[in-house]
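The structure is given below, and queries will be raised subsequently.
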């Protein structure tokens, strides 16, 4: 009986003629999802200078783990690429990309839910990052837990997902510890190879379930 309201919401969401997409947060909620002392807020075109500066100061730290368009691409171009991906994902419902900010507005990291699917399973892939100068302060755990709370929350305020997958390089022990602390478990069936830092890198699979 308690499942009926959720089932009705899903039926309405999947009604004929209605596209399946991630709802865009209204202006009042633009600051985003609460994640402990942080907020996860939407990326906007106004973030171009902020992201360019952040990427310049964190290039070695960030792109050891994250893919980038090409090694010769400038920090400004990478920032523009990130913004375009965020806007496209928001528009077509394929992704939910957020920056993690402190109450004063300082960006300490980010999280990207990508490849959002609503088929037999409602699921997505995720990656996250923490600004080098804010590493080791617990922000990563807040970011990932905040993301999972939103991913598994009921629509329309949440994304209504059932599973979230993460791929982590074996030498990224800190990220593996963070994933397990936040609620992920290892799943060898999800192991993969991803192109990072100019090479195909083995990634261990992790999954979080509702």
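Name, by its number, the condition in (1) at pLDDT 90 or above; (2) within 26 Å of residue 193 (Cα to Cα) that does not hold for residue 54.
Status for residue 54: all satisfied but (2).
Could I ask something else about it? Being exposed (fewer than 14 other Cβ atoms within 10 Å of the Cβ), touching a helix residue (DSSP H, G or I) at 6+ places or on another chain (Cβ under 9 Å) and outside any strand (DSSP E or B) is the filter here, so list the residues in region 179-194 that pass it.
Result: 181, single match.
Please go through region 142-162 and give me each residue that is surrounded by fewer than 18 Cβ atoms within 10 Å (Cβ to Cβ) and more than 20 Å from residue 109 (Cβ to Cβ), ordered by number.
Those that are surrounded by fewer than 18 Cβ atoms within 10 Å (Cβ to Cβ) and more than 20 Å from residue 109 (Cβ to Cβ): 153, 154, 155, 156, 157, 158, 162.
When only residues in region 158-178 that are part of a loop (DSSP other than H, G, I, E, B) and modelled with pLDDT of 90 or more count, which is nearest to residue 95 (Cα to Cα)?
Ranking the candidates gives 159 first.
The values are calculated or read from the model by the stated rules, or taken from the named source; none is laboratory data. Only a predicted model underlies this, so the values are computations on that prediction, with no experimental measurement involved. When we count neighbours, we look across all protein chains shown, and the Cβ atoms used for this are built from the backbone with ideal geometry, even at glycine.
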